[in-house]
Amino acid sequence: MSVIKKNLERINDRIYRAARKVGRDPDEVRLVAVSKRIGFELVNEAFSHGQRLFGENYLQEAVDKISLLDPGIKWHFIGHLQSNKVALAAGAFDMIETVDRLKVARALDRHMQEKRSTLSVLVQVNIGREPQKSGVLPEDARELLQNLAELKNIQVRGLMVMPPYLPDPEAVRPYFKQTRELALSLQDMGFFADEKPALSMGMSGDYEVAIEEGATLVRVGTAVFGRRD
Ligand SMILES: *Cc1c(COP(=O)(O)O)cnc(C)c1O
């Protein structure tokens, strides 16, 4: 049996069980298969085994890959976005998970306005306050969301985080918890498009803990496709 098929089955099973463990509906959690630096043949294989949502970090690599694959696939951008590249990103992706500053958001909004359309985004928060990482600082999230609320052609659906890398997933749990609490307080201020904010958190090593703490999108690469070169 294909390794990718087996991996997807195992991950989907673990997603189901992690959700049930804390009394959540497993259908609230979606697997974003992270396919950065993975060739389109393997992405297509995952698609053939039922995976319909993928995440990519590098814009040009993603655009090339997307053009070769089934148009029914949904793509999330999870890399660092520059404001001079928003047209390329908006044309290829169904969601930008990494909006972390007003300049990029305004450029996206202007582009979508020209296209008379809207785009779903998440706000990336630097929940661990790590200097080398992207994301708005937690204490600045409210002001950013206040400004985003005025941009009518982007819809803010929730938050995305990449907490500090720690080998023990239990050590990451407090960051997931803080993210959920932050999202709920921002939700109370009416900053999100939906009744329940999306929470993109959890990767290969810690997605089950993230689900226990409320993740609705888990971004899993290595556990789906194996180690990247
Ligand atoms: C690479 C990457 C992932 C997936 O990481 P794995 O450990 O391979 O599951 C998730 N999110 C982002 C932003 C990434 O860059």
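The values are calculated or read from the model by the stated rules, or taken from the named source; none is laboratory data. Computed from a prediction, not measured in an experiment: that's the story for all the values here. Here Cβ is always computed from backbone atoms with ideal geometry, including for glycine, and neighbour counts include all displayed protein chains. Protein only, heavy atoms only, side chains kept; ligands, DNA and RNA dropped before computing areas. Shrake-Rupley method; radii C 1.70, N 1.55, O 1.52, S 1.80 Å.
Annotations
- For residue 160, distant residues with modelled amide H under 5 Å away: 123, 124, 125, 200
- Long pairs among 5/115; 103/196; 85/177; 21/152; 6/65, criterion Cα-Cα beyond 29 Å: 5/115; 85/177; 21/152
- Diffusion coefficient of region 35-183 by Stokes-Einstein, Kirkwood radius over Cα pairs, 37 °C, 0.692 mPa s: 202 µm²/s.
- Between region 83-126 and region 153-175, the alpha-carbon center distance in angstrom: 20 Å
- For region 109-229: span of alpha carbons on each principal axis (Å, largest first): 43, 31, 29
- Whole-percent carbon and sulfur share, accessible surface of the chain, 1.4 Å: 47 percent
- Excluding the site residues themselves, the longest part of the chain lacking any GluC sites (Glu not before Pro) in a DSSP loop with at most 16 other Cβ atoms within 10 Å is 1-149.
- Within a Gaussian network of the chain (alpha carbon springs, distance under 10 Å), most fluctuating of 18, 87, 46: 87
- Debye equation applied to the C-alpha atoms of region 123-175, log10 I(q)/I(0) at 0.14, 0.21, 0.26 Å⁻¹: -0.43, -0.79, -1.02
- For region 175-218, the Cα-based Rg and Dmax, in that order, read 10.6, 33 Å.
- Over region 61-210, relative contact order from alpha-carbon pairs under 8 Å, at least 6 apart, %: 19 percent
- Computed from the C-beta positions of residue 146 and residue 84 and an R0 of 30 Å, the FRET efficiency is 0.75 to the nearest 0.05.
- Area of residue 103 that stays accessible when all protein chains are in place (1.4 Å probe, Å², to 10): 140 Å²
- Treating each Cα of region 77-159 as an identical point scatterer and summing with the Debye formula, the log10 of I(q)/I(0) at q = 0.11, 0.17, 0.26, 0.27 Å⁻¹ comes to -0.25, -0.60, -1.35, -1.44.
- Since only 111, 156, 192 are under comparison, the one whose Cα sits farthest along the positive direction of the charge dipole of the chain, derived from C-beta charges on Lys, Arg, Asp and Glu, is 111.
- Convex hull volume of region 52-107 per residue (C-alpha atoms, cubic angstrom): 66 Å³
- P(r) tail for region 1-108: Cα pairs beyond 22 Å make up 40% of the total.
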